[in-house]
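Notes to accompany the following structure.
Just so you know, all these numbers are worked out from the coordinates, no wet-lab data involved. Predicted model, so just to flag it, every value in this text is computed and none were measured. All Cβ positions, glycine included, derive from the backbone under ideal geometry; neighbour counts span all protein chains shown.
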Number of protein chains: 2
Amino acid sequence: MNSLWDRYQQYFLRDTASGISLDISRMRFDDDFLPRMEPLAQRAFAAMTELENGGIANPDEGRMVGHYWLRAPRLAPTADLTAEIEDCNGAIREFAAKVHASGRYTEVLLIGIGGSALGPQFLHDALGTADDRMALHFLDNTDPQGMDRVLCALAPRLEHTLVVVVSKSGGTAETRNGMLEAEAAYEKAGLNFGKHAVAVTGAGSALDTYAEKNGWLVRFPMWDWVGGRTSVMSAVGLVPLWLQGLDMQALLDGAAAMDAWTRTTETLKNPAMLLALMWHCAGNGRGEKDMVVLPYKDRLVLFSKYLQQLVMESLGKELDLDGKKVNQGIAVYGNKGSTDQHAYVQQLRDGVHNFFLTFIEVRKGRGGVSIEVEPGAVTADFLQGFLRGTRTALYEGGRDSITVSLPEVTPSSVGALIALYERAVGFYGSLVNVNAYHQPGVEAGKKAAAGVLKLLARVKGALSAEPQTAAQLGSALGEDAESVWHALNHLAANDPRVNTTPGTTPGADAFALT
Amino acid sequence: MNSLWDRYQQYFLRDTASGISLDISRMRFDDDFLPRMEPLAQRAFAAMTELENGGIANPDEGRMVGHYWLRAPRLAPTADLTAEIEDCNGAIREFAAKVHASGRYTEVLLIGIGGSALGPQFLHDALGTADDRMALHFLDNTDPQGMDRVLCALAPRLEHTLVVVVSKSGGTAETRNGMLEAEAAYEKAGLNFGKHAVAVTGAGSALDTYAEKNGWLVRFPMWDWVGGRTSVMSAVGLVPLWLQGLDMQALLDGAAAMDAWTRTTETLKNPAMLLALMWHCAGNGRGEKDMVVLPYKDRLVLFSKYLQQLVMESLGKELDLDGKKVNQGIAVYGNKGSTDQHAYVQQLRDGVHNFFLTFIEVRKGRGGVSIEVEPGAVTADFLQGFLRGTRTALYEGGRDSITVSLPEVTPSSVGALIALYERAVGFYGSLVNVNAYHQPGVEAGKKAAAGVLKLLARVKGALSAEPQTAAQLGSALGEDAESVWHALNHLAANDPRVNTTPGTTPGADAFALT
């Protein structure tokens, strides 16, 4: 065991000010792994410096990548950008203070999806308290039943609900649909939607124009140099979370402090680089192992989902920066410990060895006094026992793990945690030579959906009182029978005028308009 | 495209009564795959019949496996068992009706973990409406801060809160801790905990004894022939969900109907067997591909987590039934569509090809009338467009998928969905020859944690006013320095009497009691 303790200390990193630490001793990398990777690590450091200095770090979209400036505006590459960020942050705080002072609003409804919702959802859950100034709600999909649920619950308080619509392009269909449904709910209640609405969007976007035309309360910018999945420290997160009453300045400061720490180009002193290198080691730089993330803290249960988006959308790429087909990425999943020990940890311990684990430890159990649940032991001791016991048991079973420790869950420590992983993802992108800042596949999915929507309309138009099969309608429309059949089933389930006469096979089903 | 439409129809399965269907046409299995697997499939059918007839299907624990009897008590192997199930179900309904009629309670707090919480959480979220009779809350971990959050929110209504403590053995530490913390909250409020408490536990368990001794309202049984991850249709789910006001009889009936469908031993007509075979095909029977589960419906967002537990805890096994080391399992993750298309679907489409996908489609958009968000199009059309578009785009990119379609989210269809996957997991266990009904690794994790708890107490006892390092304390206690150091850090973070003087390395940190 002595050699493990030596290894623990050899690679252990901690920051005295924040109390955050990183343990990579339970990753089985060889002694020559880090020296061998050093040239790649240095290349990644250099790329990161260029990025922070305002280089076009997202070449496919011809964009700078500036989320690090959001928490240290003076590091932005131009004085104009610095001023823009500072002005925006100031305007948001002022707006939130005005809303709080007015006493008119008790609820915030955020309408957004992906990077425009998940960050606020994570922080809302991780940091919310009984003393929150306003309650947050979310529409983050185009599921009408899901919207009904949220809007019905808010119905008695719509007058006191501020709606924040978040969409960089203003053209994201799910968000636009959510906005239109919310608007309809306000109209139905005899309320002026614009007088309750706030836009967070790119200047000149469709949403920006719509908000201006309809006299919305205020518009805050989204810049093209901030990607959705790293936007929680821009207006995307700051608007709803300042409204909620979180101390977002502490969050920004915590992130800035982590940024300062992870700027060191000494690999062994840089926790983000060590993380990236461990991911590389675990999956041979090809994502051969899934990353299971287990925060032992209820408040961090959404962090795994947040990381799932950050890591997979950033690193899951077909082509590398030289245009070579690489199909990169790392799959991420997890919920929370010790709860997950009563679920899939059975497989982690005994089953298919296709993962490495990240434990997130929070040292402090709770604020107040604890009862003893056994002589001399409190509930927090059990949480610690499960974390340490599981780490040991998994390691002894040949399963590697990383442990990140936080002193407690505060705006500052959560800001630091986000910044740590943002930097690690950027480094890993460099290590495997992919653009970690675009998402071409998302665009492709939207296009495919648009084709289906067009087809739905055409199929609807082609229905008649005469029962027809999918093949008949398809051949009339020049469309394949299966797609037409799916469209017909969707219409039949949602439009009472569309009738189905089931056949023995899908091809024999007949559809008519009554 | 014609050949795809033919393939679609060739393997398409649907049940007219429930409206549930299965599409495996986008899984690229060869023509000879199903014939080749047929002997194994038949072996699995035979094993399932034995199981349903009361064989010892869980040989390691010497237990029957009876979750199918819960929804069809008359199929239980003895008249006694039939009566026991029917009596229990009747008693639960009666109890819930009495609670509702009393008007005394508005809230239910369920305390449980893993199989004793996740099923109720999933159904609570999937099926809850504004008309629910009672609101459900959960303690599902031993995180004191997490408990504080729930108990503080309930504090003003504790008098009107019914507590349901769920633990088969009664010895699960997280659940016991949650119960003791809840009990303390009631005492602090001057309320008699027992007069608000219900136990769901094995007869004669520690919890059973405790509940009896302390005059709890009522105790409902957990049988050793129902595993935690398949217990949602036993008292574990029935007690909280009948209290919530869900129509659990419809859920049981939906499950029973699916059980009837999936009892057919004609492989091509059995949707559960086809699912199991597709999983086998995707991962070569060794879990080489992750199962990504994407329900396109907000209400089903927890289904992926539910499946994660069901699949991974059942199939993630070190040894097969012959004692051979196989390290089986299938990793499962996912949240919901189309939301996830704005997160990790980027990687699914472009990145590392280590998964197959399951789409869960819900045909009906919503109950009422929809506004048009574009001429002729409603939000549900978009949801359909994203699902179909993504399925097509992924398939064209070489990524296979299964699609399960439900007419809508009702107690009946969700019961059927759970039953479909329970059966598929059982079949898959047979296909790869593992015991899908035990969880030896969970026990091991508990043991490892117990060791840590003991160490915590010993380290606490060994601290003195004299600062000592982890190595010094460790050698005095005969424990390894690293474990002692972790214990010391935990104590320092949670006990104000423990002081740390940080050194340059963990080994140089000194700890003292003040």
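Based on DSSP, what percent of beta bridges with both residues in chain A are antiparallel, to the nearest 5?
Expressed as a percentage, antiparallel bridges in chain A total about 30.
So which residue of A has the beta-carbon closest to the axis that swings A onto B, and how many whole Å away?
Whole-Å result, nearest residue of chain A to the axis: A:Tyr333, 2.
Per-residue ellipticity at 222 nm for chain A, helices alone: DSSP H runs ≥ 4 residues times -39500 (n - 2.57), over residue total, nearest 500 deg cm²/dmol?
Computed mean residue ellipticity for chain A: -15000 deg cm²/dmol.
Please tell me the relative contact order of segment B:115-237 in percent, rounded to the nearest whole number, where contacts are Cα pairs under 8 Å and at least six residues apart.
29
Using R₀ = 25 Å, calculate the FRET efficiency as 1/(1 + (r/R₀)^6) where r is the Cβ-Cβ separation of B:Glu50 and B:Lys269; round to 0.05.
Using R0 = 25 Å, I get an efficiency of 0.75.
Report the per residue volume, in Å³, of the convex hull enclosing the C-alpha atoms of segment A:165-220.
Spread over its residues, the Cα hull of segment A:165-220 gives 57 Å³ apiece.
Placing unit charges on C-beta atoms (Lys and Arg positive, Asp and Glu negative, everything else neutral), compute the dipole magnitude of segment A:349-483 about its Cα centre in debye, rounded to 20.
Dipole of segment A:349-483, to the nearest 20 debye: 360 debye.
Taking every pair of alpha-carbon atoms in segment B:211-265, give the share separated by more than 12 Å as a whole percent.
Percentage above 12 Å: 73.
Computed FRET efficiency, Cβ-Cβ of A:His100 and A:Arg43, R0 41 Å: what is it to the nearest 0.05?
Here the calculated transfer efficiency is 0.30.
Taking Cα atoms of segment A:236-334, Rg/Rh with Kirkwood Rh, to two decimals?
Dividing the radius of gyration by the Kirkwood radius yields 1.03.
About the Cα centre of chain A, what is the dipole size in debye to 20, counting +1 per Lys and Arg Cβ and -1 per Asp and Glu Cβ, all else neutral?
With only Lys, Arg, Asp and Glu charged at Cβ, the dipole is about 220 debye.
Out of the DSSP beta bridges found with both residues in segment B:312-412, what percent are antiparallel (nearest 5)?
Of all bridge pairs located within segment B:312-412, approximately 25 percent are antiparallel.
Compute the relative contact order of segment B:307-353 as a whole-number percentage, counting only Cα pairs closer than 8 Å that sit 6 or more residues apart in sequence.
Contact order relative to length: 30 percent.
Among DSSP bridges having both ends in the protein assembly as shown, what percentage is antiparallel? Round to the nearest 5.
Around 30 percent antiparallel, to the nearest 5.
Could you pull out every residue, at least 5 positions away or on a different chain, whose amide H is within less than 5 Å of the one on B:Ser401? Hs are placed 1.01 Å off N in the peptide plane, and Pro or chain starts have none.
Residues meeting the amide H criterion: B:Arg26, B:Met27, B:Leu357.
Taking a label point 7 Å from Cα toward Cβ, how far is B:Glu212 from its twins in the other copies, in nm, shortest first?
Those separations, rounded to one decimal, come out as 7.6 nm.
Report the Cα centroid-to-centroid distance between segment B:323-354 and segment B:211-229 in angstrom, as an integer.
Segment B:323-354 and segment B:211-229 have Cα centres separated by 36 Å.
So, in nm, how far is label A:Asp60 from label A:Glu466 when the simple model puts each one 7 Å beyond its Cα toward the Cβ?
4.8
What's the longest uninterrupted piece of chain A once you rule out the trypsin sites (Lys or Arg not before Pro) that are loop residues per DSSP with at most 14 other Cβ within 10 Å?
My reading of the result: A:105-323 is the longest stretch.
May I ask which of A:Lys305/B:Lys289; B:Lys188/B:Lys213; A:Lys364/B:Lys460; A:Lys289/A:Lys317; A:Lys447/B:Lys305 have a Cα-Cα span longer than 22 Å here?
Flagged as over cut-off: A:Lys447/B:Lys305.
For B:Lys188, place a label point 7 Å from Cα along the Cα-to-Cβ direction in every copy; what are the distances to the other copies, in nm, shortest first?
Relative to the other copies, B:Lys188 has label-point distances of 4.1 nm.
Label segment B:100-211 by shape, choosing from rounded, prolate and oblate, from the square roots a ≥ b ≥ c of the eigenvalues of the Cα gyration tensor; if a/c is under 1.5 it is rounded, and otherwise prolate applies when a/b is larger than b/c, oblate when it is not.
rounded
At 7 Å along Cα-to-Cβ for each site, give me the label-to-label distance between B:Asn192 and A:Thr514 in nm.
So the two model labels end up 5.9 nm from each other.
Can you list the copy-to-copy distances for B:Arg263, using a point 7 angstrom from Cα toward Cβ, in nanometres, shortest first?
So the label point of B:Arg263 gives 7.0 nm to the other copies.
So for the pair B:Ser475, B:Arg93, with labels modelled 7 Å out along Cα→Cβ, what separation do we get in nm?
7.1
By Kyte-Doolittle mean hydropathy of at least -1.0 and Cα axial length of at least 24 Å, which whole DSSP H helices of chain A are selected?
Qualifying helices: A:33-52, A:79-102, A:379-396, A:411-431, A:440-462.
Dividing the convex hull volume of the Cα atoms of chain A by its residue count, what figure in Å³ per residue is obtained?
Dividing the Cα hull volume of chain A by its residue count gives 196 Å³.
Expressed as a whole percent, how much of the Cα-Cα distance distribution for segment B:361-514 exceeds 29 Å?
58
What is the projected area of the convex hull of the Cα atoms of the protein assembly as shown, averaged over all directions, in nm²?
With every direction weighted equally, the projected area is 39.7 nm².
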